[in-house]
Amino acid sequence: MASKEENIGQFLARLMREDRGERLMRTIQRPGLESAESPAAAQARTLAEAGLTNIRDGRLPSSEQIAGIEAIILPDIRPVLDVVDGDFRTDHPLWLKLNDDQAIRGVLLPAISSVGRIELPGNRQYPYGGTGFVVGKNLVMTNRHVAAIFASGLGERNLSFKPGFRAGIDFLRELDRPPGRTLMVRRLVMIHPYWDMALLEVEGLPANAQPLRLSLRDIPADSMVEVAAIGYPAFDSRNDRDVQNDLFRRVFGVKRLQPGTFGGRQRTESFGKMVEASRHNCSTLGGNSGSALIDLLSGEVMALHFGGRYRDINYGVPAFELARDQRVVDAGVTFASPGASGGRPEWEDWWSQVGESTRDPVSGRGTPTSSPSPRGPSFGAAAARVRPDGSIHFVVPLHVTLRLGDAAAGVTIDTGTPPDAGTDGTVERLAEPWHDEDYDSRTGYDADFLDIKVPMPIATDPTTVAVTLDGSRVLRYQNFSIVMHAKRKIALFTASNVTADKRLKKPEPGRSYTRKGLSGLGESDQERWFVDPRMSDEYQLPDVFYTRDDGAFDKGHIVRREDVAWGKTYAELRRANGDTYHVTNCSPQVAGFNRSALGEDNWGDLEDHVLKGAATERYCQFSGPVLDPADEVFVGRAGGRARVRVKIPSRYWKVLVVQTSEGLASYGFVLEQDLSDVPLEEFVVPENFARFMEPIADIQAVAGVRFPDVVLSADRFGTDEGVEVALGAGVKRRSKTPEAITEGLIV
């Protein structure tokens, strides 16, 4: 029988004979990477290169060289095994013990039966949300960001199903096998306010779906253990398409077992904060959210997988940390040994922020800050509860929300009538512009669009940002990206790549490049904008708000259609045109605010003046509203008899970045609409706005974003070029720091 080293050597030799082998060598030899490596990584790189060289020359690599290769080449070393009829096999030489070691099989085979796919019955866009596994009597654990698809709230008591949403779990969904029975989620037990974890009550669990035991061990980085992630990986547009198709054999959404190693901690962002997550390197994808990472020896769940970075590292919620939270223990989660509780965890304040009880540091018990529901929210059951934001929520099962007090959140909807319904109960009869519903091709804003890298801004407060259904904070479209503000339901900022190159504006002669032609609409058709299916509707204003309020507010593009409608092909250009009609690209603007045809009271010609000093026809553009808490509240329509209270921004900002012969040049502008003393409830809004050039640092102070240093340092506000642009565009210059304005040049 061949030795382990011979088996692995033959495997790596096969890789070297294929294109993948050359790719591995290029990965190891990538220039400039050495400077960022730790000594351990550098040693692994040296061993890996020597090992691949030996294989290429027909020699068997040493065990140390194989270890170096394994440490760097993850996609080909971490296989993906099909689960069929509750079993699995592998021919991967690194993992043959999964076939032969009966102790390991005795651990993994029962665990497979306890892992299921989180189903979303009736959801046409997303048939399933991720993975879940049994952790107690009728208790399933998954990710908070998975539960957020169908549930609202945080904690234990202030939870509810989103109107029209249901969820269940199917413990089969295997390759080339029919689906199993979907067992419905009956109650939301917990959505953890700190960790990316949720607990769901599912009645009628099968007898073979026994609770998995969560570990109480913390594994350091120098004591890695072998684990297997069991879950339902989905195609992930954030990762390399070819690698995914190769590794997953072009089949996604079925049960897979993905072995790897686990150990060590690393800080990473999770729901607007930094957490000490566990590290692992299993070949997981988006649908693995909620997967259990199971120790091959003990069978214990080491962590709950929640995300990661492709070709870098994956993250999990440490099981032993959950054992320190008395609420998790009290919920009925099964741990590997008694004593799974401890004191007052560091994240106790996050429970207090959602109005939950404060626990005694010794007993772990405490007095609730409000009377809890004995079972929490139940789907389809009559219930009424007061939420922390002052609203009262009824489920009868018609959902009705009454708002008490102010509109501090920025947007509230007063009734649960479907948002697209007209006053007579019918759906608005408007025509949607043509748009590509396959979002896999979208790469969004390109930071390398200019010869000098220009990164996107970032939110000053990450907790204000709306998260997409796959956990991202950025909506990527053709030639632009949008980051949404969760409470205000409008863009916090946009980032666009814009060009004036006529070859890219009209790439194919004989095509229609008019607004109607690209949108596929007739001359008499009215445009109906559409929601983005990648983000929950709760973060998007409905199209009816703009179409049913007597023209008081315009469906103006934050990212202008004309700016991003370009491409090397007509298909690319048309895709970009359609992408601008998402309601995520709307902001409540005075009618005509963004329409150049209405005269000079717009800022559509600023770009022309900025481009005059540019070395290329390209520029990067960032824009968005100034979301002032003091903004006026407008009461508009949300469909049918529903009313929506929306705070109307009174200011908008725009930052343009171009390349010049001397480097980058950036310019900041603010456009204001005067809403003082306006009776908004009467749908009367004057079209008064004023334009200013301002220092980008001043814009940053009010916009809720932080611009990259290259943009701030390139600001031309106080230069002759800035003055010339302001004069040419007819805008005034102003600054909070008067010394920044050259004396005598204020216009």
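Within segment 674-689, not a single residue is modelled with pLDDT of 75 or more and touching a Phe, Trp or Tyr at 6+ places or on another chain (Cβ under 7 Å). Scanning segment 189-223 for residues that are among the hydroxyl-bearing types (Ser, Thr, Tyr) and not in a loop (DSSP other than H, G, I, E, B) returns a single hit, Ser223. Every condition in (1) at pLDDT 95 or above; (2) in a helix (DSSP H, G or I) holds for Phe320 except the one numbered (1).
Do the conditions hold for Met197, that is, is it modelled with pLDDT of 90 or more, open to solvent by less than 10 Å² (accessible area, probe 1.4 Å) and touching a strand residue (DSSP E or B) at 6+ places or on another chain (Cβ under 8 Å)?
Spelling it out, Met197 is indeed modelled with pLDDT of 90 or more, open to solvent by less than 10 Å² (accessible area, probe 1.4 Å) and touching a strand residue (DSSP E or B) at 6+ places or on another chain (Cβ under 8 Å).
Pick from segment 83-139 the residues that are hydroxyl-bearing (Ser, Thr, Tyr) and under 21 Å from Met302 (Cα atoms): which of them is nearest to the chain's Cα centre (by Cα)? I'd like the intermediate steps shown before the answer.
So in segment 83-139, the residues hydroxyl-bearing (Ser, Thr, Tyr) come out as 90, 113-114, 126, 128, 131.
Remaining after also requiring under 21 Å from Met302 (Cα atoms): 113-114, 131.
Values: Ser113: 30, Ser114: 28, Thr131: 17 Å.
The qualifying residue nearest to the chain's Cα centre (by Cα) is Thr131.
Only a single item in (1) assigned to a strand (DSSP E or B); (2) buried (at least 17 other Cβ atoms within 10 Å of the Cβ); (3) at pLDDT 65 or above is not met by Ala638, and it is number (3). Determine, yes or no, whether Phe692 is assigned to a strand (DSSP E or B), aromatic (Phe, Trp, Tyr) and at pLDDT below 95. It is true that Phe692 is assigned to a strand (DSSP E or B), aromatic (Phe, Trp, Tyr) and at pLDDT below 95. Among residues that are at pLDDT 90 or above, under 27 Å from Asp470 (Cα atoms) and out of contact with any Asp or Glu (no Cβ under 8 Å at 6 or more places or on another chain), Leu214 is not included. Restricting segment 521-546 to residues that are at pLDDT below 80 and open to solvent by 50 Å² or more (accessible area, probe 1.4 Å) leaves a set whose member that is nearest to Asp470 (Cα to Cα) is Gln526. Residues considered: His582, His557, His485. Of these, the only one that is closer than 24 Å to Tyr445 by Cβ, at pLDDT below 85 and of a type outside the set (Gly, Ala, Ser) is His557. Within segment 458-484, the set of residues being surrounded by 20 or more Cβ atoms within 10 Å (Cβ to Cβ) and over 16 Å from the mean Cα position of the chain (by Cα) comprises Gln478, Asn479.
Considering only segment 727-739, I want to know if a residue exists there that is outside any loop (DSSP other than H, G, I, E, B), modelled with pLDDT of 80 or more and open to solvent by 20 Å² or more (accessible area, probe 1.4 Å). Outline the logic, then answer.
Going through segment 727-739, the residues outside any loop (DSSP other than H, G, I, E, B) turn out to be 727-729, 732-733, 738-739.
Those still in the list that are modelled with pLDDT of 80 or more too: 732-733.
Cutting the leftovers down to open to solvent by 20 Å² or more (accessible area, probe 1.4 Å) gives us 732.
Scanning segment 727-739, I find at least one residue that is outside any loop (DSSP other than H, G, I, E, B), modelled with pLDDT of 80 or more and open to solvent by 20 Å² or more (accessible area, probe 1.4 Å), so the answer is yes.
When the residues of segment 65-100 are filtered to those that are farther than 24 Å from Arg173 by Cβ and part of a loop (DSSP other than H, G, I, E, B), the one that is modelled with the lowest pLDDT is Ile73. Taking the criterion of being open to solvent by 30 Å² or more (accessible area, probe 1.4 Å) and either assigned to a strand (DSSP E or B) or modelled with pLDDT of 95 or more (or both), the residues of segment 306-317 that qualify are Gly308, Arg309. What pairs can you find where one residue is in segment 101-123 and more than 18 Å from Gln210 (Cβ to Cβ) and at pLDDT 95 or above, the other is part of a helix (DSSP H, G or I) and open to solvent by 10 Å² or more (accessible area, probe 1.4 Å), and their Cβ atoms are less than 6 Å apart, with a gap of 6+ or different chains? If the second residue must be part of a helix (DSSP H, G or I) and open to solvent by 10 Å² or more (accessible area, probe 1.4 Å), no pairs are left.
Considering segment 445-473, and only residues there that are in a loop (DSSP other than H, G, I, E, B) and among the small types (Gly, Ala, Ser), the residue that is nearest to His485 (Cα to Cα) turns out to be Ala466.
The values are calculated or read from the model by the stated rules, or taken from the named source; none is laboratory data. Here the structure is a predicted model, which is why all the values come from computation and not from measurement. As a convention, Cβ positions derive from the backbone with ideal geometry for all residues, glycine included, and neighbour counts pool all protein chains shown. Just so you know, the surface numbers come from the protein's heavy atoms only, side chains and all, with ligands and any DNA or RNA stripped out. Shrake-Rupley method; radii C 1.70, N 1.55, O 1.52, S 1.80 Å.
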